[in-house]
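The values are calculated or read from the model by the stated rules, or taken from the named source; none is laboratory data. From a predicted model like this one, the values you see are computed outputs, not experimental measurements. Reconstructed Cβ throughout: ideal geometry from the backbone, glycine too, with neighbour counts over all protein chains shown. Surface areas here come from the heavy atoms of the whole protein model, side chains and all, with no ligands, DNA or RNA. Shrake-Rupley method; radii C 1.70, N 1.55, O 1.52, S 1.80 Å.
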Amino acid sequence: MKTKFWHQKVGSSSSRKSYKIEFEKEVCDCFCLCVRERDMNDADVSKQIQQMVRFIRQEAEEKANEISISAEEEFNIERLQLLETAKRKLRQDYDRKLKQVDIRKRIDYSTQLNASRIKYLQAQDDVVTSMKDSAAKDLLRVSNDKNAYKKLLKALIVESLLRLKEPSVLLRCREMDKKVVESIIEDAKKQYADKAKVASPKITIDEKVFLPPPPNPKQPDSHDPHCSGGVVLASQDGKIVCENTLDARLDVAFRQKLPQIRTRLVGAPETSRA
């Protein structure tokens, strides 16, 4: 518009020249103004870019901080989980080993208790065996008193006859007791007949097979058969036998009186004390 106005307004060449100069000045000013406006726009853009950069950087820093915090939290959670898992495993191992120790203690205690009981029972048996051996030695002295032993043999024969209740019996004794038995056999038969209210039985003394002799004191560890005294009576067919020796009666007495003997020796049994 300025150019068109300039062409309409200017007529002569000199005027044209001045106006041309003025127009160029105006164009220059306009150019400078445009340059300034452009510079200002670049500054605003640069400022906005810097603001965006700061915003982006702040957002990035905040995001990085959030990621760091989240990662630290996850790390702590994972660490706690691993720690709890390790603690649980340690507790399980500890409980397992504690149970093993407890079981081992119980086994050791049971083993020691059984060993003590075995020693206790063995001591009881040793005492009882010692008593029985002592009683067996005393039995050997029974036959030393002739009169007392004679009465004892007679009582043993009568007792055996009462148990057998046979009209005819076979009698065995020690060879050293044969004469004593022969001297009392008639009295024993009569005494039996009076007690049993029966006829006098027939008693045959076995002269082929005798009871073993008493043990030899010079051989205390000998295991040969021996007999401390007494008699053995049997029916004629040998189906019924009454062993009435001193050794047999001692065995019977010990079997019957063993509980009382143990109680007298070592006190009441464990079951009664419990």
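Structure notes:
- Selection from region 128-140 of residues that are open to solvent by 60 Å² or more (accessible area, probe 1.4 Å) and either touching a strand residue (DSSP E or B) at 6+ places or on another chain (Cβ under 9 Å) or in contact (Cβ under 8 Å) with a residue 12 or more places away in the chain (or both): Met131, Lys132
- Residues that are touching a helix residue (DSSP H, G or I) at 6+ places or on another chain (Cβ under 9 Å), part of a loop (DSSP other than H, G, I, E, B) and exposed (fewer than 14 other Cβ atoms within 10 Å of the Cβ), drawn from region 214-260: Pro217
- Of the residues Ser110, Ser116, Ser143, the single one that is open to solvent by less than 60 Å² (accessible area, probe 1.4 Å) and over 28 Å from Ala248 (Cα atoms) is Ser110.
Rundown of residues vs (1) open to solvent by 50 Å² or more (accessible area, probe 1.4 Å); (2) not in a helix (DSSP H, G or I), yes/no style:
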site	(1), (2)
Leu161	no, no
Glu166	yes, yes
Val169	no, yes
Cys173	no, yes
Asp177	no, no
Val181	no, no
Glu186	yes, no
Ala193	no, no
Val198	yes, yes
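- Yes/no for Gln122 being open to solvent by 100 Å² or more (accessible area, probe 1.4 Å), free of Cβ contacts under 8 Å to residues at least 24 places away in the same chain, in a helix (DSSP H, G or I) and farther than 22 Å from Glu243 by Cβ: no
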